[in-house]
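Participant: Structure provided below as structure tokens; questions to follow.
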Amino acid sequence: STSFGAGGQRLLVGERDGAVTALDSSDGTELWQFDTGQQVLSSAAWRDGVWYVGSWSNRLFALAEETGQLLWSFESGANITASPSVTEDRVVVGSWDWNLYFLERSSGEVLHTVGLGGDLLSSPVVDQQTVLQVSEEGVMYALDLQTAELLWSVPLGIRVTSTPGVHGGRIYVESVNGDLFALGVD
């Protein structure tokens with residue numbers, strides 16, 4: 001899993017041995033390394049000089065882009081395998097403990113925890129003030145970004161591990177057997 005930071009100058013690579021390594025994207029020089037304790041399967045999110053990366057250690061880490069210094073960490077009840085979604089003031093991340101967590105971006109403090117009744121293997125997507133999350137059991141959820149209030153849910157009736165995409169007033173999500181669902185946002 002790879003992610004680019006500000007201006008594409010830094011690249012963060014997550015590895016199965018639990019390490020995340022920051023590299024200079026122009027020449028591949030290693031800048032720093034941080035051990036998450038367990039494998040990293042998804043890409044880190046980046047915002048304003050901070051990397052946010054989850055691991056099978058049940059933790060989400062906020063790391064300073066330039067030094068790899070741990071700014072804060074959050075522990076869920078199970079593996080975090082999907083990428084978090086980061087906004088100006090929130091970090092939203094799902095876990096295999098069936099919960100979607102809304103965290104304060106600056107501190108990692110838990111603001112809201114919402115049980116969604118299934119493993120959350122896909123990454124949450126923020127569309128304006130709405131968080132879209134699909135559970136592995138195939139239910140699409142829409143929640144308010146600030147209050148975590150459930151706005152609506154739609155059962156798709158099939159296992160889903162892909163991250164939803166939003167375009168042109170529609171939400172697209174693919175099931176494990178290749179079916180593509182298109183849901184209207186309005």
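Participant: Just one of Thr2, Thr21 is within 17 Å of the chain's Cα centre (by Cα) and among the β-branched types (Val, Ile, Thr); which is it?
Facilitator: After ruling out the rest, the residue left standing is Thr2.
Participant: Checking the condition of a type in the set (S, T, N, Q) and within 24 Å of Phe61 (Cβ to Cβ), which residue from Ser153, Ser175, Ser122 passes?
Facilitator: Ser122
Residue by residue, here is whether (1) modelled with pLDDT of 95 or more; (2) under 17 Å from the mean Cα position of the chain (by Cα); (3) closer than 19 Å to Arg47 by Cα; (4) among the basic types (Lys, Arg) holds:
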site	(1), (2), (3), (4)
Glu75	yes, yes, no, no
Ala82	no, yes, yes, no
Ser135	no, yes, no, no
Val139	no, no, no, no
Ala148	yes, yes, no, no
Pro155	no, no, no, no
Val173	no, yes, no, no
Leu180	no, no, no, no
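Participant: Looking at Leu63, is it among the aliphatic types (A, V, I, L, M), open to solvent by less than 50 Å² (accessible area, probe 1.4 Å) and assigned to a strand (DSSP E or B)?
Facilitator: yes
Participant: Collect the residues in region 161-182 that are open to solvent by 30 Å² or more (accessible area, probe 1.4 Å), assigned to a strand (DSSP E or B) and over 18 Å from Val92 (Cα atoms), keeping them in residue-number order.
Facilitator: Answer for region 161-182, where residues must be open to solvent by 30 Å² or more (accessible area, probe 1.4 Å), assigned to a strand (DSSP E or B) and over 18 Å from Val92 (Cα atoms): His167, Arg170, Tyr172, Glu174, Leu180, Phe181, Ala182.
Participant: Specify the residue that is most open to solvent (accessible area, probe 1.4 Å); the eligible residues are those in region 142-160 that are in contact (Cβ under 8 Å) with a residue 24 or more places away in the chain and part of a strand (DSSP E or B).
Facilitator: So, considering only residues that are in contact (Cβ under 8 Å) with a residue 24 or more places away in the chain and part of a strand (DSSP E or B), the one most open to solvent (accessible area, probe 1.4 Å) is Leu150.
Participant: Determine whether region 81-100 contains at least one residue that is among the hydrophobic types (A, V, I, L, M, F, W, C), in contact with a strand residue (DSSP E or B) (Cβ under 7 Å, 6 or more places away or on another chain), in contact (Cβ under 8 Å) with a residue 60 or more places away in the chain and under 29 Å from Asp24 (Cα atoms).
Facilitator: Yes, region 81-100 contains a residue that is among the hydrophobic types (A, V, I, L, M, F, W, C), in contact with a strand residue (DSSP E or B) (Cβ under 7 Å, 6 or more places away or on another chain), in contact (Cβ under 8 Å) with a residue 60 or more places away in the chain and under 29 Å from Asp24 (Cα atoms).
Participant: While we're looking at this one, here's another question. If Trp96 passes every condition in (1) assigned to a strand (DSSP E or B); (2) open to solvent by 50 Å² or more (accessible area, probe 1.4 Å); (3) among the hydrophobic types (A, V, I, L, M, F, W, C) but one, which one does it miss?
Facilitator: That leaves (1) as the condition not met.
Participant: Phe61 - would you say it is over 27 Å from Ser25 (Cβ atoms), modelled with pLDDT of 95 or more and of a type in the set (Phe, Trp, Tyr)?
Facilitator: Against the criterion (over 27 Å from Ser25 (Cβ atoms), modelled with pLDDT of 95 or more and of a type in the set (Phe, Trp, Tyr)), Phe61 does not qualify.
Participant: Can you go through Ala78, Ala82 and tell me which one is surrounded by fewer than 22 Cβ atoms within 10 Å (Cβ to Cβ) and in a loop (DSSP other than H, G, I, E, B)?
Facilitator: Ala78
The values are calculated or read from the model by the stated rules, or taken from the named source; none is laboratory data. All values reported here derive from a predicted model rather than from experimental measurement. Cβ atoms come from the backbone with ideal geometry, glycine included; neighbour counts cover every protein chain shown. Accessible surface areas use protein heavy atoms only, side chains included; no ligands, DNA or RNA. Shrake-Rupley method; radii C 1.70, N 1.55, O 1.52, S 1.80 Å.
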